[in-house]
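Have a look at the structure below before the remarks.
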Amino acid sequence: MKTTIFTTKNRFLLWLFIAAAVLTSASLRAGTISLVNLPTNSTDLATGITTNKYYVSAFDYGTQSTNPVSVNGVVFTHVKTAAQNIYLSTNWIDTGTHNGQVIASVSTTNKGIDVTSSATQGGSSGNVSAQSDGNMRTILTDLMYSGNGGPVGGWLQEEFDNLTVGHQYSMRIYYRQWSANRTQNVWFFGEGAWQAYGANPLDEDAGGAHYLEYDFTAAATNAFCLMSNLIGNNATMVYASTVEDDSVPFAPFITYEPAATAVGNSFVFNVSAVGTTNLSYQWYVNTASNTSGATALSNGNGYSGATNSSLTFSTNLLGYYFVIVTNNYGAITSTVAQLNPLPIIETQPTVVKQGQSLEFVMAAGGFPPLSYQWYVNTTNGTAGATAVNNGVGYSGANTNALTVSTNFLEYYFVVVSNSYGAITSSVVVIATSLTAQSAGEPIWNTGSQTNVVVTFSDTLDLNSSTALTNYSLNNGASVLSATLASANEVVLGTSALTPATSYTLTIQNVKDYYGILMTPVSTNLAVGLYPANLSLWVKASEEVTTDPGTNTVNQWNDLSGNQNNFYQQGGAPYEPLLVTNAFGDVAIRFTASNETYMYANTSSTLALTNNMTIIAVVNFSDLDGGTNGMICSKTLNNIPDPYDYYVTSTTSGARLYRGNGTTYGQVSATLAPQLGVPYTFVATMSGTNVTHYLDGVQCGTGQLNNNFSVTNITDGGQPLFIGARQDTVNRLTGDISELIIANSAVSAYDVSSMENYLVQEYNVVTFAPTNILYSVHGGQLTLSWPGAGYTGWSLQSNSVGVAASNSWFTIPGSASTNQITVPLGTGLTNVFYRMIYQP
């Protein structure tokens with residue numbers, strides 16, 4: 001019998017069929033209905049679909065590709081119709097696959113069946129990528145549903161045919177999250193009576209992927225699934241369906257592989273398998289990650305459940321475990337899973353400041369219970385260490401967090417143990433002795449020096465590092481202020497320092513972040529140049545030598561005192577030019593077409609294999625081809641050895657490469673310069689971190705890529721080139737006004753201070769966004785904007801429209817200030833203002 005629609009006449013015939021089935025059935029019993037949630041990962045495996053089973057039908061509904069989709073080797077017949085909204089019913093046969101048949105029908109008010117492709121990502125249909133994976137994801141991206149908006153009480157029915165009376169079957173209806181409030185009642189018919197899903201109404205939008213499973217013994221050659229929606233315009237829907245004949249025997253199939261889970265003081269391995277009953281289990285343990293030579297486990301020696309789907313054990317844990325599942329039709333072996341119950345260090349000890357105390361915090365795992373014992377040592381090692389006891393400056397000595405209020409300069413580690421072994425953490429020192437490393441007058445303040453930057457070896461305590469009484473200068477100079485500029489840097493405001501006069505800075509009683517007093521307590525430092533460890537400093541306006549009677553440059557001397565002077569011994573056309581550019585700035589001009597460049601012989605101060613900073617003022621006239629933006633490099637052919645710094649184009653920023661002549665890593669900036677305008681470029685590297693700045697704006701930070709380690713940086717003794725790389729493939733087309741290289745990192749404070757100097761020195765344009773403020777008083781409009789970096793900009797007005805390009809007029813005087821007052825014209829309805837830089 002095949003039921004197509006629920007008209008009054010057909011409903012009567014259906015119930016006649018039911019009555020006949022009840023009268024003729026030898027034994028009438030209820031089937032079981034269950035809801036199964038599918039995981040988002042390994043979804044195909046979790047379905048339990050396997051070629052070991054005998055399928056009567058497997059249908060995938062929708063309008064997508066006609067190619068069949070298979071799950072674990074079981075092919076689904078793809079139902080794709082020529083048009084949507086097929087009226088009332090349709091008959092589909094999976095000829096050549098499983099030879100089953102399904103008849104889909106709907107109520108007359110639904111006006112037909114829609115077979116459609118649903119959205120696959122986001123929106124009202126949910127995110128299918130977060131609901132399932134594998135081929136089940138493909139199946140769950142299109143569907144069949146009752147049409148015409150799905151009025152309340154509308155229904156959709158599937159009839160499955162070609163069943164054998166008396167066989168046991170499993171019918172599955174697959175679906176996934178669609179949208180909110182899609183609830184429905186579900187009934188199944190297979191054993192001679194309609195059975196309602198026990199948790200009706202079903203919420204089809206519970207989230208994720210699911211299937212309803214109806215297990216029954218066939219009372220006739222057909223069975224049904226009927227769904228009726230409870231909310232208008234939310235039609236019932238089905239993505240796929242299967243019917244398997246469980247009376248046909250099949251070998252076991254593992255749906256969930258073993259994985260260890262800690263339960264109280266025990267561990268449990270769980271496995272899930274399907275197959276014709278009865279299934280038997282046997283667990284094994286091995287000393288290697290394979291099955292060869294493994295030992296079968298038995299309900300003693302710390303194990304229980306050795307012949308069940310769950311293995312529980314509390315001893316002899318270290319090893320590799322697997323299970324073999326068998327029935328009368330075959331066997332299957334699970335994957336081999338390792339269990340290592342020994343303690344492990346999940347997070348090594350780190351130091352956290354807690355008021356006047358310090359706390360070492362770490363995390364460990366392993367078979368419980370875990371015990372902890374902290375140790376203190378006077379050297380960076382474990383030999384000869386002393387176990388820490390609570391009291392006298394310590395607490396938490398036997399926990400994962402040790403609090404220390406004394407002995408800050410000692411070394412600490414912890415030993416974690418359980419009944420199966422122990423592990424020792426790394427050795428951590430709270431802080432090394434704090435020292436004052438350097439004091440220098442910033443090179444960007446040489447015109448009027450009123451600052452001294454002091455660099456320390458470690459993170460500083462705010463109060464002691466900014467106390468004026470801890471700093472003094474000789475030769476009549478005085479310290480007027482002290483500001484913590486970065487973690488280990490203090491900027492001293494001073495009285496005016498006389499050029500060419502030597503000063504000594506005395507520092508005392510400064511503490512580090514943890515309260516450790518500097519060593520020695522009082523230190524005298526000669527005030528030199530800053531940045532600390534200055535390697536190179538060249539300015540186009542100073543110490544430049546040209547050929548007689550020409551402006552071709554043959555020597556450019558280093559101002560840092562390190563004698564890293566640049567030469568060009570090739571003569572014309574390899575010599576760059578000394579020029580005054582369109583902005584009135586003195587610059588050295590390099591033309592890539594002539595391969596103009598200069599070089600400095602290698603030296604210890606140029607061999608920078610750790611922290612470093614490059615600061616440059618450059619005006620590019622061409623960046624085509626990615627090879628015209630070379631600033632400076634020390635390379636072996638085209639590989640940094642140890643550094644290479646250049647700009648590739650007007651769409652990608654500067655790149656700092658570090659390497660060893662063979663391999664390298666690099667970090668790129670995220671802002672790029674335009675042509676014909678001077679910019680300040682900064683690349684600074686501290687530890688493993690590189691940071692880029694363009695005109696004082698941070699634009700990119702990160703670690704060296706290509707898995708290149710800082711410890712692999714070397715210097716091969718190559719010259720330092722500017723204007724071209726050693727291989728002359730990468731060259732510079734543009735002007736360099738100033739270049740600074742330091743064997744240390746600089747802070748954001750340093751970059752900001754330097755930017756203030758360079759903006760005024762070289763008419764550098766700052767392209768960082770700013771705000772124009774306005775006020776109205778006495779019929780006049782006053783517009784103002786930040787001063788530093790924004791003088792030289794013209795204010796323009798337009799009373800026609802923003803798009804009227806010929807109607808912008810410059811307001812006189814606006815370029816020389818950061819504030820302008822204009823009269824308000826009463827006859828104008830709209831006035832537009834913009835700022836523009838016009839060199």
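The values are calculated or read from the model by the stated rules, or taken from the named source; none is laboratory data. All values reported here derive from a predicted model rather than from experimental measurement. We place every Cβ from the backbone using ideal geometry, glycine too, and count neighbours over all the protein chains shown. Surface accessibility is based on the protein's heavy atoms, side chains included, excluding ligands, DNA and RNA. Shrake-Rupley method; radii C 1.70, N 1.55, O 1.52, S 1.80 Å.
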Given a 1.4 Å probe and heavy atoms of the protein chains only, how would you sort HIS98, HIS210, largest accessible area at the top? HIS98, HIS210
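Net charge near ILE722: determine it from the other residues with C-beta under 15 Å of the C-beta of ILE722, scoring Lys and Arg +1 and Asp and Glu -1. Display every interim value, and only then the final one.
Working: positive: LYS539, ARG589, LYS634, ARG725, ARG731; negative: GLU543, ASP558, GLU575, GLU595, ASP644, ASP727, ASP735, GLU738.
Local charge sum for ILE722: -3.
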Accessible surface of ARG731 - all protein chains present, 1.4 Å probe, nearest 10 Å²: 50
Taking 7 Å along the Cα-to-C-beta vector as the label spot, tell me the ALA383-ASN398 distance in nanometres, rounded to one decimal. 3.0
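How much mean residue ellipticity at 222 nm does the chain get from its helices, if each DSSP H run of length 4 or more adds -39500 (n - 2.57) and you divide by all residues, to the nearest 500 deg cm²/dmol? Walk me through the numbers before you get to the answer.
Numbers: 5 runs with 46 residues, N = 839.
Counting only the DSSP helices, I get -1500 deg cm²/dmol.
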Given the peptides 605-617, 36-48, 287-299, arrange them by the average over their residues of other C-beta atoms within 10 Å, most packed first. 605-617, 36-48, 287-299
Virtual spin-label span in nm between ASN340 and GLU542, 7 Å along Cα→Cβ: 5.9
So the number of lysine pairs in the chain with alpha-carbon atoms under 21 angstrom apart, 8 or more residues apart or on different chains, is 5
Linear extension gain, THR350 paired with ALA748, 0.36 nm per residue minus alpha-carbon span: 140.7 nm
Reported to the nearest 10 Å², THR164 has, with a 1.4 Å probe, an accessible area equal to 60
Within segment 333-350, the residues whose backbone N lies under 18 Å from a label point placed 7 Å from the Cα of SER280 along the Cα-to-Cβ direction are 333-334
Residue span ASN308 to THR650: 0.36 nm per residue of separation minus Cα-Cα distance leaves a gain in nm of 116.4 nm
I'd like the distance between the alpha-carbon centres of segment 162-189 and segment 285-323, rounded to an integer number of Å. 39
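Using a 1.4 angstrom probe on the protein heavy atoms only, could you order THR307, THR627 from most to least accessible area?
Numbers: THR307 75, THR627 45 Å².
Solvent-accessible surface, decreasing: THR307, THR627.
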For VAL152, project a label point 7 Å along Cα to C-beta. Then give me every residue of segment 184-198 with its amide nitrogen under 18 Å of that point. 184-186
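How large a share of the accessible area of the chain, in percent, is made up of carbon and sulfur atoms when the probe is 1.4 Å and the other protein chains stay in place? Could you put the intermediate results ahead of the total?
Working: 17610 of 35330 Å².
Percent of accessible area from carbon and sulfur atoms in the chain: 50.
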Relative to the longest principal Cα axis of the chain, at what angle does helix 748-762 sit, 0 to 90 degrees, rounded to 10? 50
Points 7 angstrom from Cα along the Cβ direction at TYR54 and GLN373: gap in nanometres? 6.6
With r as the distance between the Cβ atoms of THR821 and ALA572 and R0 = 60 Å, compute the FRET efficiency 1/(1 + (r/R0)^6) and round to 0.05. 0.65
With just the Cα atoms defining each centre, how far is segment 701-724 from segment 492-528? Give it in Å. 33
TYR211, TYR54, reordered so the largest accessible area comes first (probe 1.4 Å): TYR54, TYR211
Expected field for TYR514, accessible surface area in Å² at 1.4 Å probe radius, rounded to 10, holds 50
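Explain nothing, just the number: dipole magnitude of the chain about its Cα centre with +1 on each Lys and Arg Cβ and -1 on each Asp and Glu Cβ, in debye rounded to the nearest 20. Please report the intermediate quantities before stating the final value.
Working: 21 positive and 46 negative charges, 290 e Å.
Result for the chain is approximately 1400 debye, rounded to the nearest 20.
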How high is the relative contact order of the chain, in percent, with contacts defined as C-alpha pairs under 8 Å that are six or more residues apart? 7
Decide, for segment 138-275, between rounded, prolate and oblate: order the square roots of the alpha carbon gyration tensor eigenvalues as a ≥ b ≥ c, take rounded if a/c falls under 1.5, and otherwise choose prolate if a/b is larger than b/c, else oblate. oblate
Could you work out how far the C-alpha centroid of segment 407-447 sits from that of segment 608-624, in angstrom? 33
Working from Cα positions, state the angle (0 to 90°, nearest 10) between the long axis of helix 8-24 and the longest principal axis of the chain. 70
